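Asks: One structure follows; several queries about it will come next.
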Amino acid sequence: MELKTAILVDGSFFIQRANFFKRSYFKTQPNLTAAQYIEILQSIIKRHLYDNNRKHYLYRTFYYDAAPLDLDIHKPLVEPGETNKRIEYFSKRPENLCRVEFLELLRTQRKVALRLGEIKHHKKWKIKDKVITALLDKTKVVEDLTNDDFYFETHQKGVDVKLGLDIASLSYEKLVDQIVLIAGDSDFVPAAKLARMKGIDFVLDCLKNNIDPALNEHIDGLNSFDLVSIISTIYHVEPNPRPTWWTEEKPTINRNKVRIQTSNGNGDSASKRTSRRR
């Protein structure tokens, strides 16, 4: 009997982790494109659906995010030799343009429900934490500050609420047998407790991020796949540097087979093959 599985994705966390592995192991490659983010996400989903040699029926993928900041605002400092502050066009930043394209592509994917919150801000620039440390250590003085030492503070609103409501709905109405949550913080714990009380198998995928071991008591399983191998398959190059745990048994996806790589919790991995229909 197939397990009916819903996959819930914290979008900001997913993009952050994909970019982390790209920067760490594929420095010379061009930035990931919107289409490549889609490939990475689809690869992760497929591995969850074919995990443990048991096929899962995908109920739906729920993707939670907020559209990138669309704002034009003056930078905090005047550049040397200039008289007026330059304008920061957030809507024209390459990473924001890519994010918009990625969200549009997600809308066209089968069995994907896009849940968008809002980006909130107070039109305030803040000094980066590492710069504050340097100022306190007196290794940097105020006169040395540049626009690169500031960041524009924003936060998402409504995303966590939408995620919690979906978990509650899926659980109370018994729409699925399993929920796989791709996230990296503990905000999901109350919703996870509810799902488990209703008999739902609740699995966390933290994308190889470090999490508090105490979270294990609130979930039924912890399962993360090898993003380095997934990105390597997309770029068609090996990572550089090669991770210490990298082996020749890299997961591959072709027309007829899926090779699934699972972790035993110690950084080691094992591969297995499962037939699938495209």
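The values are calculated or read from the model by the stated rules, or taken from the named source; none is laboratory data. Given the structure is predicted, the values throughout are model-derived calculations rather than measurements. Glycine gets a Cβ as well: all are built from the backbone with ideal geometry, and neighbour counts include every protein chain shown.
Asks: From the residues in the range 40-59 that are in contact with a helix residue (DSSP H, G or I) (Cβ under 9 Å, 6 or more places away or on another chain) and not in a helix (DSSP H, G or I), which one is farthest from Glu104 (Cα to Cα)?
Replies: In the first step, residues of the range 40-59 are kept if they are in contact with a helix residue (DSSP H, G or I) (Cβ under 9 Å, 6 or more places away or on another chain); the result is 40-41, 43-44, 47, 55-59.
Now narrow it down to the ones that are not in a helix (DSSP H, G or I): 55-59.
On the way: Lys55: 29, His56: 27, Tyr57: 25, Leu58: 21, Tyr59: 21 Å.
Across the range 40-59, the extreme among qualifying residues is Lys55.
Asks: Return only the number of the condition from (1) touching an Asp or Glu at 6+ places or on another chain (Cβ under 7 Å); (2) β-branched (Val, Ile, Thr); (3) assigned to a helix (DSSP H, G or I) that Ile73 does not satisfy.
Replies: (3)
Asks: Would a scan of the range 72-83 turn up a residue that is within 29 Å of Pro239 (Cβ to Cβ), surrounded by 14 or more Cβ atoms within 10 Å (Cβ to Cβ) and at pLDDT below 95?
Replies: So far as the range 72-83 goes, no, none of its residues is within 29 Å of Pro239 (Cβ to Cβ), surrounded by 14 or more Cβ atoms within 10 Å (Cβ to Cβ) and at pLDDT below 95.
Here is a yes/no grid of residues against (1) under 22 Å from Glu238 (Cα atoms); (2) of a type in the set (Val, Ile, Thr); (3) in contact (Cβ under 8 Å) with a residue 40 or more places away in the chain:
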{"residue": "Glu2", "(1), (2), (3)": "no, no, yes"}
{"residue": "Thr5", "(1), (2), (3)": "no, yes, yes"}
{"residue": "Val9", "(1), (2), (3)": "no, yes, yes"}
{"residue": "Phe13", "(1), (2), (3)": "no, no, yes"}
{"residue": "Ala35", "(1), (2), (3)": "yes, no, yes"}
{"residue": "His48", "(1), (2), (3)": "no, no, yes"}
{"residue": "His56", "(1), (2), (3)": "no, no, yes"}
{"residue": "Thr61", "(1), (2), (3)": "no, yes, yes"}
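Asks: Looking only at the range 6-28, how many residues end up being over 8 Å from the mean Cα position of the chain (by Cα), under 20 Å from Val100 (Cα atoms) and assigned to a helix (DSSP H, G or I)? Break it down stepwise before answering.
Replies: First, the residues of the range 6-28 that are over 8 Å from the mean Cα position of the chain (by Cα): 6-8, 19-28.
Now narrow it down to the ones that are under 20 Å from Val100 (Cα atoms): 8, 19-20, 22.
Those still in the list that are assigned to a helix (DSSP H, G or I) too: 19-20, 22.
The total comes to 3.
Asks: Now, a different point. For the range 76-93, enumerate the residues that are among the small types (Gly, Ala, Ser) and outside any loop (DSSP other than H, G, I, E, B). Outline the logic, then answer.
Replies: If we filter the range 76-93 for residues that are among the small types (Gly, Ala, Ser), which is where we start, we get 81, 91.
Across the range 76-93, the qualifying residue is only Ser91.
Asks: Okay, moving on. Of all residues in the range 164-195, how many are of a type in the set (S, T, N, Q) and assigned to a strand (DSSP E or B)?
Replies: Kept after step one, since they are of a type in the set (S, T, N, Q), are these residues of the range 164-195: 169, 171, 178, 186.
With the extra rule that they be assigned to a strand (DSSP E or B), the set shrinks to 178.
Final tally of qualifying residues: 1.
Asks: Val228 - would you say it is in contact with a Phe, Trp or Tyr (Cβ under 7 Å, 6 or more places away or on another chain) and either modelled with pLDDT of 95 or more or not small (Gly, Ala, Ser) (or both)?
Replies: Values: in contact with a Phe, Trp or Tyr (Cβ under 7 Å, 6 or more places away or on another chain): yes; either modelled with pLDDT of 95 or more or not small (Gly, Ala, Ser) (or both): yes.
For Val228, the condition - in contact with a Phe, Trp or Tyr (Cβ under 7 Å, 6 or more places away or on another chain) and either modelled with pLDDT of 95 or more or not small (Gly, Ala, Ser) (or both) - is met.
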